[in-house]
Amino acid sequence: PQQVDSLSQFMTGSPKRIGVLTSGGDAPGMNPAVRAVVRYGISKGCEIYGIYEGYQGLVDGGNFIKKMDWKSVRGWLAVGGTSIGTARCMPFKTREGRLQAACNLVKNGIDSLVVCGGDGSLTGADVFRSEWSGLLDELLATDRITQDEATKYNYLTIVGLVGSIDNDMSSTDITIGAVTCLHRICESVDSIGTTASSHSRAFVVEVMGRHCGWLALMAGIATGADFVFIPERPPGDDWETTICNVAHRHRELGKRKTVIIVAEGAIDSSLKPIKAEQIKDILTDRLGLDTRVTTLGHTQRGGSPSAFDRILATVQGVAAVDAVLRSTPEMPSPMIGMSNNQVTCKPLMKAVKLTHEVAKAIGEKNFARAMELRDPQFAEEYNVYDSSTVLDDVSLELPEHLRLRIGILHVGAPAGGMNAATRTAARYAINRGHTPIGIFNGFDGLINGTMQDLSWSDVDGWTSRGGSELGTNRHVPGQQLDMGMIAYQMQEFNLQGLVIIGGFEAYSCLVNLEKARDRYPSLCIPLCVIPATVSNNVPGTDYSLGTDTALNAIVNSCDAITQSARSSRRRVFVVEVQGGRSGYLAVEAGLASGANTIYIPEEGLNLSRLQSDVHHLMALYLDDDPDKSEGRIVLRNETVSKTYTTDVISSIFKEEGHALFDSRTAILGHIQQGNTPSPMDRIRATRLGMSAIQFMERETREVLSMHQNKTTPIELCKTVDTAVVVGISGTGVSYKSVDELAAVTDTKNRKPKDAWWYDRRPLVDLLAGRGLFSAAA
Ligand code: ATP
């Protein structure tokens, strides 16, 4: 096979030499970021150098600066921390240290640096760049570099990737490592929950976050904690009494555990630190609760990166190389971030400045400004948490005449987050004075009248529960079920709003119910779908609930399969994933697990494609060291082809692989629905649950106000924009009507016509070396 490293010889001019380093605290996802920089960089004809031990390696040079090849980063997607090492390096903070670092870069011919780290590391990189010409002048004057070198390396390109578990950088919605850290926290808090319940104990859990409460807040939302303390929003003056009241009230309602999450940088309104031990003493002394403190510490940084971080780091690593290739001396150093679900490239120092402003605002007790400086989602999430956790907040209650009876049901296959959405919808509804009604077993249950009012404690603990507590099935009114009977029961139970949580079937239900409004007045109420399906094929949302859980389940399975395949040597696993006619899971899991290729319905599958894949695999195995030969994975969407089934593909690989490789299959099936929902799914569910109820309120406020002191009409709303999918659009929540969605839906294939994630598809093959290792068939 043609060697990848020789690609740059075919490029005109000398190839760019990019150094990549990780610095500051380690973050899970740094390895996938380095992998992407190395592989994508090589594919673009660049030479990539790994700089080991952060800036220390840059200062020390020698063996700390190593050329990376395609195989150097094999398997790194699944590895936590950073395999090229990181350090806090004092010498780099001095000009002398940076002078030595500049000398090492020039001597190694490196003209660009991709730095993955926190705000300190990125500031250091920018300082280095701004001094660059002065450093070169000095190196030239002291004969440490030649005039030619000074001319050739006259400017340094810097690109920042934000690796930080705190999610504390401004100008990006999320940083590499934060979501994995949240996984670790939620796993711990879930575990603590079971022992806390058993002994009826209280636990105060301290999590990381010196100036940033993102981890504490999100963990609070995702685990249904009773209270959270974060630096940006200190509690009210007599917070000691408040937490006791909250804990006491929750106990009164039947809760056997109390969990309070404290960010390590939590403070009160006079900036005095709030510490876990202090909270423990308050709960023990005032309420007599058997209270324990758990400081999660470094477990939070550890473990294999979550699917989210692997994908984030991969797409951002690719963007970093593109930014290097686009850079000019005039451009400010960019930072690769994420905004509205899009990769962004913004001036690095502006982001650092804004980040420092948060700490400054907190120091000046300007907490409103501190919240404002966080991403827009942060304040909204805080409100969601607040209004779905604490009961008896009278400020939330609506006047009697605006209160609704809201039915909630699940449709389709179970998906992670269905219960969390139900719980938040129910609790928020209760806090507003509405009556939430849980309908069991989907529309069948509605027809049979199997439903019950949901109390605050009925839904306790649902945030972290997988499956569907209400029960779910695929029956769709108007297709398998009698619409008349449904309308009758809606009137009988006086349902004034309906939240349908589910996948494409839920969307079909919405369409059918809306169409039937002309015939049945009881359907003229706000109707709302919260998308929940692993396939991510519901129109009107970027993400359905359950997708993140499914991706993590697939990625974990693929890690195990890869290990087995690696141990058996020379084995290709054909792994079948779900998704219906949507290739979403295959594309995203392909990126996160480092699949060799994927087969998705959007592309179809034929013999020539399989033949070319066999050739590619042969080329890879010919190139492998036989003693260390890799296991490889090919992901196949379940519906991609009736002929080329998972077994058939595997048999073809076996037959055609000859002595070079063998093949096996793995069909993941229902494993993909996950066990416990992932933190991302829980958080998205919480937000959508509350948004669904807010939608009901908005759409009925006017008519209910008009009928104050009169009988409430059966028909509350009829326009098409009152039958919506409430979805995630970028960082916001969107409400798309059935009308709007009809135009963008491919009904035959049960999915949206356009898919934002499809742009990522080529990266799967590219990062597996296709096009670089050419076939030797
Ligand atoms: P974390 O979020 O984990 O704290 P960080 O990147 O902010 O990560 P720092 O310890 O602040 O961590 O910085 C890491 C390294 O970056 C420092 O040890 C130092 O080598 C370099 N560095 C930080 N600030 C500067 C600076 N102002 N000038 C030069 N180098 C710096």
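Side notes on the structure shown:
- Ellipsoid equivalent to the stretch 62-104 - semi-axes via the Cα gyration tensor, in Å: 27, 14, 6
- Over the chain: helical MRE at 222 nm, DSSP H runs n ≥ 4 each giving -39500 (n - 2.57), nearest 500: -13000 deg cm²/dmol
- Added length on full extension, which subtracts the Cα-Cα distance from 0.36 nm per residue, Gln563 to Asp268: 101.4 nm
- Cβ-Cβ FRET estimate between Leu607 and Gln480, R0 fixed at 56 Å, reported to 0.05: 0.90
- Simple spin-label estimate for Thr142 and Met706 in nanometres, 7 Å along Cα-Cβ: 8.2 nm
- Taking a straight line from the alpha carbon of Lys67, these lysines sit under 22 Å away, with near neighbours fewer than eight places off in the same chain left out: Lys16, Lys44, Lys107, Lys152, Lys628.
- With respect to the chain, whose longest principal axis is taken over its alpha-carbon atoms, helix 30-43 is tilted by about 60°.
- Chain lengthening between Asn63 and Thr719 when straightened (0.36 nm per residue, less Cα-Cα): 229.2 nm
- Cα Rg, Dmax (largest Cα-Cα span) when computed across the stretch 663-777, Å: 22.4, 82
- Between 0 and 90 degrees, the angle of helix 95-107 with respect to the longest Cα principal axis of the chain falls at about 70 degrees.
- Helix 239-252 axis, angle to the chain major axis (alpha carbon atoms, nearest 10°): 60 degrees
- Trypsin sites (Lys or Arg not before Pro) within the stretch 556-656, DSSP loop, no more than 12 other Cβ atoms inside 10 Å: Lys642
- Per residue Cα convex hull volume in Å³ - calculated over the stretch 59-202: 152 Å³
- With 0.36 nm allotted per residue and the present C-alpha distance subtracted, the Ala368-Asp290 stretch has 24.6 nm of extension available.
- Residue ranges 411-423, 455-467 sort as 411-423, 455-467 when ordered by packing (mean number of other C-beta atoms within 10 Å per residue, highest first).
- Highest mean first, the peptides 187-200, 361-374 sorted by other C-beta atoms within 10 Å per residue fall in the order 361-374, 187-200.
- Residues within the reach of a label modelled at Glu380 (point 7 angstrom out along Cα to beta-carbon, backbone nitrogen below 14 Å), restricted to the stretch 419-434: there are none.
- Each Lys and Arg contributes +1 and each Asp and Glu -1, all at the Cβ; summed about the Cα centre of the stretch 582-735, the dipole is approximately 820 debye.
- Relative contact order (%) - criterion: Cα under 8 Å, at least six apart; region: the chain: 13 percent
- Label-point separation, Arg698 to Thr242 (7 Å along Cα→Cβ), nm: 2.8 nm
- Residue ranges 672-682, 532-542 sort as 532-542, 672-682 when ordered by packing (mean number of other C-beta atoms within 10 Å per residue, highest first).
Taken together, the values in this text are just the output of simple stated rules run on the coordinates, not laboratory data. Values in this document were obtained by computation on a predicted structure and should not be read as measured data. Methodologically, a virtual Cβ is constructed for each residue, glycine included, from the backbone with ideal geometry; neighbour enumeration extends over all protein chains shown.
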